[in-house]
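In what follows, a single structure is set out as structure tokens and then discussed.
The values are calculated or read from the model by the stated rules, or taken from the named source; none is laboratory data. Just so it is clear, the structure is predicted and the values come from calculations on it, not from any experiment. We place every Cβ from the backbone using ideal geometry, glycine too, and count neighbours over all the protein chains shown. These accessible areas exclude ligands, DNA and RNA; they are computed on the full protein's heavy atoms, side chains included. Shrake-Rupley method; radii C 1.70, N 1.55, O 1.52, S 1.80 Å.
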Amino acid sequence: MDAEQRRTEQQRCGYVAIIGRPNVGKSTLLNHILGQKISITSRKPQTTRHRVLGIKTEGRDQVVFVDTPGLHKGARKAINRYMNRAAHSAIADVDVVVMVVDRTQWTDEDEWVLEQALAGPAPVILAVNKVDLLEKKSTLLPHLQFLADQADFKAILPISALNRHNIDELEQCIREELPESVHFFPEDQVTDRSQRFMAAEMVREKIMRQLGEELPYAITVEIEEFAERDGVLHISALIYVERDGQKRILIGKGGSRLRSIGAEARKDMEALFESKVMLKLWVKIKSGWSDDERALRSLGYDEQG
């Protein structure tokens, strides 16, 4: 047996889909597993719109996490259908599925997500998130028994993604299911996404956090310029909305809201890119973009993205 064969046998690598209905904490879980932020988060459901890979390499093991948009029934708009397709295709192509649910809540959508998970070939680990927020801890044990009756899960773990409660145990469960394989990515790579993509997502996160109630899903962001000059990253972002009223809300009185969004996004960009950033934001109306398949593709919402 040559050295290359021995190295291959010693390594394990696999894909792990993190799935669940909207707003159960999938992106927060991924960020805390990786120890850095690659998926944007907000209190609004459907903040995650794209599949994002998060890569964690420790010793012989490399886990490639797939953060998916929240699966939801009755997807009416083209963008909702796109998000469901992105999540479904992830389930079909992975070695392990981690299904995330919210505390002792169990809804029709959770039931539906479970059906999708069980339709795939991979073992399913159930992560019961946000248990630190339970008002009555005594409700947890009977609920865990109820969940155990729903399917033959590989494991059921109560966790808190935010406080890292039981996250090490979850990662150990995942590693036990990894197939023997050479690593797919370099040891120091953390995501498959480009810096341009990350910049656009950071702008969108700040909008969702500041204007989630007023503009829940009507915005998307496109990076027009991403260039380094004299040690400074120059980034220009175009924010699309669907109506004139949304544009006025986004800009704010005297441009105040847009400046606030830009200041927060720039701070995150400088931390991530380890560079001074000059950020410029513009707002443009693109009527009906979220329900237009062709417009979605032109804005980067494709099957791979």
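Which net charge results when you count Lys and Arg as +1 and Asp and Glu as -1 among the other residues whose beta-carbon is under 13 Å from that of Ile174?
Every neighbour counted, the sum reads -4.
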Hey, could you grab the Kirkwood Rh for the stretch 179-258? Inverse mean 1/r over distinct alpha carbon pairs, Å, one decimal.
15.0 Å
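Could you work out the Rg to Rh ratio of the stretch 225-289, with Rh taken as the Kirkwood radius (inverse of the mean 1/r over all Cα pairs)?
1.04
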Taking a probe of 1.4 Å, how large is the accessible area per residue of the stretch 106-194, in Å²?
56 Å²
Expressed as a percent, the accessible surface of the stretch 126-218 that is carbon or sulfur, using a 1.4 Å probe and the full set of protein chains, is 50 percent
Looks like the stretch 165-208, by Cα gyration tensor root eigenvalues a ≥ b ≥ c and the a/c under 1.5 rounded cutoff (else prolate when a/b is bigger than b/c, oblate otherwise), is oblate
Based on the Cβ-Cβ distance of Trp106 and Leu162, what FRET efficiency does E = 1/(1 + (r/R0)^6) give at R0 = 22 Å, to the nearest 0.05?
0.60
